[in-house]
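Asker: Starting off with a structure, shown below.
The values are calculated or read from the model by the stated rules, or taken from the named source; none is laboratory data. Just so it is clear, the model here is predicted, and its values are computed rather than measured. Here the Cβ positions follow ideal geometry from the backbone for every residue, glycine too, while neighbour counts run over all protein chains shown.
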Amino acid sequence: MLKIIDHYPDGFLDIDARHLHSILPQPTLMHLAGRQQPSLFVAILLHGNEDTGLKAIQQVLKKYAERELPRALSIFVGNVTAARDGVRRLDGQPDFNRIWPGTEHDAPEQQVMAQAVINEMQQRGVFASIDIHNNTGLNPNYACVNTLDQRFLHLATLFSRIAVYFIRPKGTQSAAFAKLCPAIAIECSKPGNPEGVARAAELVNACLHLTDFPAHPVAAHDIDLFHTIGLVKIPEHISFQFGADDVDLNLESAIDHLNFTEVPAGTCLGTTRQTCVPLQVLDEAGNCVAERFFEVHNGQLLTRCNVVPAMLTLDERIIRQDCLCYLMERLPLPTA
């Protein structure tokens, strides 16, 4: 599945994600030369409907169209077939951000491709890794890390003062590259937001000029650090909608306004005709802990404790393909 080239094709700097397959018909790893080595690695379009990464890379490459890149740049262009249809992934496809080493899912062909990318970058060396994403709910720009290493946190704060530490879901690109170099995933709000594109391009450009990452701890006033403690899914057998009565779970139609806010215990998230909590919540160890966070009382789905959700979305297809949201807690900064 993987094609490796040492240039970007004609038309790459101006093409949109839906037509990208016409010049890059398969997942492609592009190695571009620069003054410093090793390469900065950037992953884009792991989800086909998240085009901020493509637009940000186009901005950066246009900036250096007539001059040498400050650092070598390796760009992995992921799910171009899903991008053609403007969807996260095609039906029957795996999620391209769940196929990397450490995954809990079976997708042999795509896993071989992901391992090939890892092997290639391990052999060449890699300075840092940035995986660029969008989301479908109302979220601020933030960065995600899979380890609390200070280098990773410094990289995260180049993008946003909000950083989220997570170890689940498994099989993500950032977790796989964390074994090779400082690695983050960045969430650039909704697709089509020019601020998200500009912020992502600024981050890539800043990393191209870096020679190293600071060894000292990130200052407390420079970062708001969260820890993901629950992955919330709606089981397949539970029907749901927003603002509808004839379903198992009727969620509040403005639920995504709760993202990155402290939601107190007793908050109603919707109504249900189920007597048990109609959600699946997995903690970091993969244990089902729905009753720790939610309860059903008089047909209402309520929070059982104070929680901070992230990535709540109103997109029903995304909820089925991925999750309803993540639950977080604030995390003290590591001192070393």
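Asker: How many residues does the stretch 233-277 hold that are more than 27 Å from the chain's Cα centre (by Cα) and of a type in the set (Lys, Arg)?
Answerer: 1
Asker: Does Ala175 satisfy the criteria of being crowded, with 18+ Cβ neighbours inside 10 Å and farther than 18 Å from Asp95 by Cα?
Answerer: The answer is no for Ala175.
Asker: With the requirement that a residue be touching a residue at least 40 places away in the same chain (Cβ under 8 Å) and either more than 22 Å from Val164 (Cβ to Cβ) or out of contact with any Gly (no Cβ under 9 Å at 6 or more places or on another chain) (or both), what does the stretch 278-308 give you?
Answerer: Scanning the stretch 278-308 gives Pro278, Leu279, Gln280, Gly286, Leu301, Cys305, Asn306, Val308.
Asker: For Val204, indicate whether it is modelled with pLDDT of 95 or more, at negative phi, of a type in the set (A, V, I, L, M) and not assigned by TED's automatic domain parsing to the domain that holds Ala65.
Answerer: No: the conditions fail for Val204.
Asker: Now a separate question. I want to confirm something. Restricting to the stretch 114-146 and keeping residues that are surrounded by fewer than 20 Cβ atoms within 10 Å (Cβ to Cβ) and either in contact with a Leu (Cβ under 9 Å, 6 or more places away or on another chain) or among the aliphatic types (A, V, I, L, M) (or both), which single residue is nearest to Met328 (Cα to Cα)?
Answerer: So the residue we want is Leu138.
Asker: Does Leu203 satisfy the condition of being within 30 Å of Pro334 (Cα to Cα), crowded, with 17+ Cβ neighbours inside 10 Å, under 16 Å from the mean Cα position of the chain (by Cα) and in contact (Cβ under 8 Å) with a residue 60 or more places away in the chain?
Answerer: Spelling it out, Leu203 is indeed within 30 Å of Pro334 (Cα to Cα), crowded, with 17+ Cβ neighbours inside 10 Å, under 16 Å from the mean Cα position of the chain (by Cα) and in contact (Cβ under 8 Å) with a residue 60 or more places away in the chain.
Asker: Of everything in the stretch 124-161 that's within 17 Å of Asn205 (Cα to Cα) and of a type in the set (Val, Ile, Thr), which residue is farthest from the chain's Cα centre (by Cα)?
Answerer: Val126
Asker: A follow-up question, please. Within the stretch 27-44, can you find the residues that are closer than 19 Å to Asp10 by Cα, touching a helix residue (DSSP H, G or I) at 6+ places or on another chain (Cβ under 7 Å) and of a type in the set (A, V, I, L, M)?
Answerer: Leu29, Ile44
Asker: Taking the stretch 263-277 on its own, how many of its residues are touching a residue at least 40 places away in the same chain (Cβ under 8 Å) and loosely packed, with under 12 Cβ neighbours inside 10 Å?
Answerer: Matching residues across the stretch 263-277 total 1.
Asker: Shifting gears a bit: Just one of Ala107, Ala72 is among the hydrophobic types (A, V, I, L, M, F, W, C), at negative phi and modelled with pLDDT of 95 or more; which is it?
Answerer: None of the other options fit; the residue is Ala72.
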